[in-house]
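Asks: Dropping a structure here in structure tokens format, bear with me for questions.
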Amino acid sequence: MSNGILQAAVREVLIDAVRDKIRISGLHIDGVEVTQAIQYRSADQHLTDPADRGPDNSVRLVANKAARVRVYVRNFPAAVPGVVGSVIVQRLRYGVWVDAGKLTQVGPNSVTAERVPAYAAERGTMASSLNFIIPAATMRGHLRLKVQVNVPGTSQNADDIVDVDASLLQTLRIRGIPVRYVGPDANGNPLDLAAPTLADFQATAATTLRMYPVSQTPDISLAGTFTWSQPLLGAIVNGQCPQSWNNLLFWLSIARVVDGNRSDSLYYGLFPIGIPIGGAAGCGGGGAGVGSGANGDGMTMAHELGHVLGFAHGPCGLGAGDMGDPNYPAYEPYDSAVNRTASIGEYGCDVTNGTIYPPGNTFDFMSYCGPRWISLYHMRRLINHQRLNPTWVSGGRETLPPYLDEQYHGPSIFDRPDPPPPWVGRQVHFVREPDPVRLIVVTGMLHADHIEIRSVMRLETGPTANGERIPDTFVELLDANLNVLQRAPLRRMATQASCGCGCGCGGGSSGVEPPTGLVQVLLPDTDQGTTLRVIANDKELWVRQTTSQPPTISNVSAVVANDELYVRWQTSASDAYPTERIVRWSDDEGKRWQVLAVNLDDDEAVVSTRAVTSGHILIQVIVSDGFHSTTSDAIAVEIPHRPPTVAILWPVANATVRTDESVRLWGVANTSDGNIVSAEDMHWYLDGEAVGTGPEVWALLADYDGEHKATLKVRDGDEWAAVSVVFFSNCSGRPAYRMPRGD
């Protein structure tokens, strides 16, 4: 026997001896797991590669996101039934830990303390642990959990202390682009489907919010609207989007640029259910800087926003030619380095409904396999991600403040020591949102054998370039003597698909298909210049000459009628190239412009007043003749105050929950001027009874199996809005067959 093997054997004997000593103590707490989506717990008992393991509770927790506390109990030498427990939250007050409230327990009410339970059986079911909820409002700053368990009627008891750090606040900020569909259905019959609303974006984002390490309340606002008329058909090839989807993403990328090309938000286009769809359920990418999917398809939104954040596909179920993320780890024993299957690596948990996702048969949300949940790998990559707007918060006025006050979400104004002091932990690096600059934005398509330029627009927008440089390919602005005035590399904005016809249906490809997608360049604008061209290896691929004179815009008007905003104007432009028309708006007297409408065929835009905030706004029209762009003077319009927007994120319609535990009532609401509704103005009702206020309430269900109704009523001044969902409960929490309703 080698020395290494002998040392390992001795180490295992010593570990067993220590464990036996603990078992002699009788009833004790074997561990307390605090999870928001996925968490380490006794990783050495299931992950065979030490490099994959982490200490218990070492996955970073974030502020303003609910957590589940799982308490695991043991008894030696024999199992003891009927163990109950409680968890008290403590906070520092003037340097002393004091009680600050008791956590709500969710089923079961008691458990059996086993001697040596099977790891997978215990970890894989909520029924094997005592479970408690830390509400999102409590998860802020540093807190301590005082855990106690006992067997009623006996002297058997145990306790433990767990420290929780939820001082990192991250926010999901989405600029949603609603898409109206006016086009054929699968049989060629005409359809006219209304664009999704802000509430639709909020409800669709619920899956992302449940997985990502972000606050439970997203910052979602609308970024314009436009009408689409083509079915989204075609197969996924090499993981890339079909051409029909790239056509849609082209206009979404134009909307992003018109909106200011913001780097502090994730752009996402949402289209109505009913559009004919082929192999892809959604498309987008970090290169394109925007994603897209159907209304209500939460997992596709999470997947496509992952692409916008720069994530590649997880290595499972991919079509030929799509290699996926080469850095995705192999979590052994669930997969191996030579056969990676995108295991999530640890036990996942949906805090909202208590669903457990075992790593042996759950796959990362960026893969094409199912069921899907967030992995250790992508959870780690999302922590301190600049696109999630990270900042530090404190737990209350009595605690030491962090570097930044919790109300400040801009760049740091303080010098930070390096390394940071021990109470800070991981340092957050802030990136200031760049100011808009005057640019020539050239956008087009990269086809298998050529580049097609579709749009030339001059406007002020954010200067952050998306995509990767195409080698030796440039866009140039030339003067009348063909001297180069400005030059910038043309970039390919790669697009990637989310499977839609059953994961793994990516379509055939040998892996030799050339790359496709969008192309774009942000070129500094000057008052001079007569020619734009694209060159590759000094060969001219595309050229456009100046028009005789810039277009003109006159008679701009904006009126509100029947909850719609009508913007009209008159354009005079050269017909040498296609004319582009866009409308944008501002609620801060023109300091920042936002997109209102793109892809307009006529000198008119008709949009819902819900696309803008109420109150005084400015409207502006931009027209491009393919070389020059003209911007109209801003005109003012008053948007009437309206009831707030409200969405229930959980329960979803027809969901099934457990009868014997509290149900999470979770929602979000915005006032018509764009602010978040205060907690005291959000009122929850369960089966007609008032149960609490705020964005989140954990309420006891009536003790019967069957149909329930949750209602969220929201007030903004004298305006009220309400929304309800019908859901079901039974003793298992699993969906059951239900007779169709008579109505």
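The values are calculated or read from the model by the stated rules, or taken from the named source; none is laboratory data. What you see is a predicted model; the values in this text were computed from it and never measured. Note that we place each Cβ from the backbone using ideal geometry, even for glycine, and neighbour counts take in every protein chain shown. Accessible surface is based on the protein model in full, side chains and every heavy atom, while ligands, DNA and RNA are left aside. Shrake-Rupley method; radii C 1.70, N 1.55, O 1.52, S 1.80 Å.
Asks: Taking residue 687 as the residue in question, decide whether it is under 26 Å from the mean Cα position of the chain (by Cα) and surrounded by fewer than 16 Cβ atoms within 10 Å (Cβ to Cβ).
Replies: no
Asks: When segment 346-379 is examined, which residues are found to be assigned to a loop (DSSP other than H, G, I, E, B), of a type outside the set (Gly, Ala, Ser) and closer than 10 Å to residue 211 by Cα?
Replies: 350, 351, 365, 374
Asks: Which of the residues that make up segment 593-607 are surrounded by fewer than 16 Cβ atoms within 10 Å (Cβ to Cβ) and touching a strand residue (DSSP E or B) at 6+ places or on another chain (Cβ under 6 Å)?
Replies: Matches in segment 593-607: 604, 606.
Asks: Right, here's the next one. Suppose the filter is over 28 Å from residue 386 (Cβ atoms) and either out of contact with any helix residue (DSSP H, G or I) (no Cβ under 6 Å at 6 or more places or on another chain) or of a type in the set (Val, Ile, Thr) (or both); does residue 343 pass it?
Replies: When the stated conditions are applied, residue 343 does not pass them.
Asks: Scan segment 640-653 and tell me whether some residue there is over 22 Å from residue 567 (Cα atoms) and among the basic types (Lys, Arg).
Replies: Within segment 640-653, not a single residue is over 22 Å from residue 567 (Cα atoms) and among the basic types (Lys, Arg).
Asks: Out of (1) more than 23 Å from residue 43 (Cβ to Cβ); (2) touching a residue at least 12 places away in the same chain (Cβ under 8 Å); (3) open to solvent by 60 Å² or more (accessible area, probe 1.4 Å), the odd one out for residue 101 is which?
Replies: Every condition holds for residue 101 apart from (3).
Asks: Here's another thing I want to ask about it. Surrounded by 17 or more Cβ atoms within 10 Å (Cβ to Cβ), more than 20 Å from residue 42 (Cα to Cα), without any contact (Cβ under 8 Å) to a residue 40 or more places away in the chain and of a type in the set (Gly, Ala, Ser): which single residue out of 342, 337 fits that description?
Replies: Residue meeting the stated conditions: 342.
Asks: Can you name the condition, by its number, that residue 581 falls short on among (1) more than 33 Å from the chain's Cα centre (by Cα); (2) under 30 Å from residue 534 (Cβ atoms); (3) modelled with pLDDT of 95 or more?
Replies: With respect to (1) more than 33 Å from the chain's Cα centre (by Cα); (2) under 30 Å from residue 534 (Cβ atoms); (3) modelled with pLDDT of 95 or more, residue 581 is out only on (1).
Asks: Oh, and also: So which residues in segment 140-155 are surrounded by 20 or more Cβ atoms within 10 Å (Cβ to Cβ) and on the phi > 0 side of the Ramachandran plot, if there are any at all?
Replies: 141
Asks: I've got another one for you. Please go through segment 607-663 and pick out each residue that is over 29 Å from residue 460 (Cα atoms) and of a type in the set (S, T, N, Q).
Replies: The answer is 645, 654, 656, 659, 662.
Asks: Of the conditions (1) at pLDDT 95 or above; (2) surrounded by 15 or more Cβ atoms within 10 Å (Cβ to Cβ), residue 610 clears all except one; give me its number.
Replies: (1)
Asks: In addition: Please find, among 618, 596, the residue that is more than 14 Å from residue 455 (Cβ to Cβ), touching a Lys or Arg at 6+ places or on another chain (Cβ under 7 Å) and not in a loop (DSSP other than H, G, I, E, B).
Replies: Answer to the check: 596.
Asks: Turning to a different aspect of this structure: Only strands (runs of 3 or more DSSP E) wholly contained in segment 66-105 count here; list those with 1 or more residues that are of a type in the set (D, E, K, R) and in contact with a helix residue (DSSP H, G or I) (Cβ under 8 Å, 6 or more places away or on another chain).
Replies: In segment 66-105, 67-74 are the strands (runs of 3 or more DSSP E) which contain 1 or more residues that are of a type in the set (D, E, K, R) and in contact with a helix residue (DSSP H, G or I) (Cβ under 8 Å, 6 or more places away or on another chain).
Asks: Is at least one residue of segment 83-90 β-branched (Val, Ile, Thr) and more than 26 Å from residue 355 (Cα to Cα)?
Replies: no
Asks: Within segment 350-373, can you find the residues that are under 20 Å from residue 120 (Cβ atoms) and open to solvent by less than 10 Å² (accessible area, probe 1.4 Å)?
Replies: Answer for segment 350-373, where residues must be under 20 Å from residue 120 (Cβ atoms) and open to solvent by less than 10 Å² (accessible area, probe 1.4 Å): 350, 359, 362, 364, 373.
Asks: Among the residues of segment 277-315 satisfying the criterion of being modelled with pLDDT of 90 or more, open to solvent by 20 Å² or more (accessible area, probe 1.4 Å) and over 14 Å from the mean Cα position of the chain (by Cα), which is nearest to residue 248 (Cα to Cα)?
Replies: Selected residue: 277.
Asks: Let me ask you something else. Condition first: over 28 Å from residue 444 (Cα atoms) and either of a type in the set (A, V, I, L, M, F, W, C) or open to solvent by 50 Å² or more (accessible area, probe 1.4 Å) (or both). Can you find one or more residues in segment 573-587 that meet it?
Replies: Yes, segment 573-587 contains at least one residue that is over 28 Å from residue 444 (Cα atoms) and either of a type in the set (A, V, I, L, M, F, W, C) or open to solvent by 50 Å² or more (accessible area, probe 1.4 Å) (or both).
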